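Worksheet: one structure, shown below.
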Amino acid sequence: MRSQWECFLQNLGEWQGSFTTFSPQGEQLQDIPSVLTLQGLDNNRKVRLHLRYLPPEYAGNERVLDYTYVGGNLMFFENGAFSQGSIQWAPFTQCGAELALIEGDRRLRLAQVFNKDSQLSQLTLIREKLAGTNTPERPPLTLEQLLGEWEGEATTLYRDGQEPQTYPTHLTIERQNSNRLLQRLTYGTGASTHTIASTAKINGSILHFDEGALPIQVMLLPDGASSNCPLVVKPGHVFVLEVGWLVQPDQRQRLIRTYNERGAWDSLTLVKEQRVKVGD
């Protein structure tokens, strides 16, 4: 397996894109073109990040960071997918995370931010392509594109250093009626197999999973993306921050950052799945 540093290097290049912010209700608030360069230095023993926003009014708002190791709040998969963000959630503090997927010469990143009242306050979708390439952006995600059965493989990395785990997944999404859907997720093998069933209210491009202890919202976004996270975080509850990306009509990736009941980040899971049956 590649080291975490070698996984980081899969992201080298000049990434041209934009930062698009949305309210928790799905309203687009801002869209800022950007160029992010990740340059390997000293035979790739150091990586320099240089982020520039292109509109003149943002010209002075640049960011330069140098990396010589990977750790702390940052974790990578072999294909370059990664997440960084809060290690610990706690009441009365702002927290959140960025989740990033990579496919060919395009990247998709999503930042989910919670305010000091532990409420979802903002989403930022970052769509990027490598300089000199012309792979088009995907269309906005629709519910119809998700309906059906999906079979996949998940790999989970753990912060405590235990061995990564790889296991099968099976996801079914179907309409119950015009304004409600049923989702059933099965993952694991043998005695470690788990099944989670949940229902959601359909409200345009937002799905509200409102039956659990934490209300969960899935928002369908441009470029085949989706955001999955709680509307509010409460003590004593496991919760996840997730980005999904429909990279082909029948292929999807999901990246899931899991926090335990004590509010500590403890794992990161990459799911690659294929639709094996189209929904009605």
- Could you list the trypsin sites (Lys or Arg not before Pro) in region 182-280 that lie in coil according to DSSP, counting only those with at most 16 other Cβ atoms within 10 Å of their Cβ? Arg262
- Task: Compute the Rg/Rh shape ratio of region 166-280: radius of gyration over Kirkwood radius, all on alpha-carbon atoms.
- Result: 0.94
- Partner lysines whose C-alpha sits under 28 Å from that of Lys277, ignoring same-chain residues fewer than 8 away, are Lys201
- Relative contact order [Cα under 8 Å, 6+ residues apart], the chain, whole percent: 15 percent
- Which loop-located chymotrypsin sites (Phe, Trp or Tyr not before Pro) does region 16-117 contain, where loop means any DSSP state but H, G, I, E or B and the Cβ has at most 10 other Cβ atoms within 10 Å? Phe92
- Message: Restricting everything to alpha-carbon atoms, can you work out Rg to Rh for region 1-88 with a Kirkwood hydrodynamic radius?
- Response: 1.02
- Query: Taking +1 at the Cβ of each Lys and Arg and -1 at the Cβ of each Asp and Glu, which of Gln30, Ile87, Gly190 sits farthest along the dipole of region 4-278 towards its positive end, judged by Cα position relative to the Cα centre?
  - Reply: Gln30
- Query: Magnitude of the Cβ-charge dipole of the chain, K/R +1 and D/E -1, about the Cα centre, nearest 20 debye?
  - Reply: 200 debye
- Message: Rounded, prolate or oblate, given the Cα gyration tensor of region 110-152, with a/c below 1.5 counting as rounded?
- Response: oblate
- In whole angstrom, the spacing between the Cα centers of region 1-34 and region 237-273 equals 16 Å
- Task: Please identify, among Arg138, Arg63, Arg127, the residue showing maximal mean-square fluctuation in a Gaussian network model of the chain using a 10 angstrom Cα cutoff.
- Result: Arg63
- Query: Under a straight-distance cross-link criterion of Cα-Cα below 21 Å, which lysines are reachable from Lys116, leaving out those fewer than 8 residues away in the same chain?
  - Reply: Lys234
- Task: Taking every pair of alpha-carbon atoms in region 4-278, give the share separated by more than 25 Å as a whole percent.
- Result: 47 percent
- Can you give me the Cα centroid spacing of region 184-215 and region 119-164 in angstrom? 18 Å
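FYI, it's all coordinate maths here, none of it is from the lab. Bear in mind that the values here come from a model prediction, so they are computed numbers and not experimental data. When we count neighbours, we look across all protein chains shown, and the Cβ atoms used for this are built from the backbone with ideal geometry, even at glycine.
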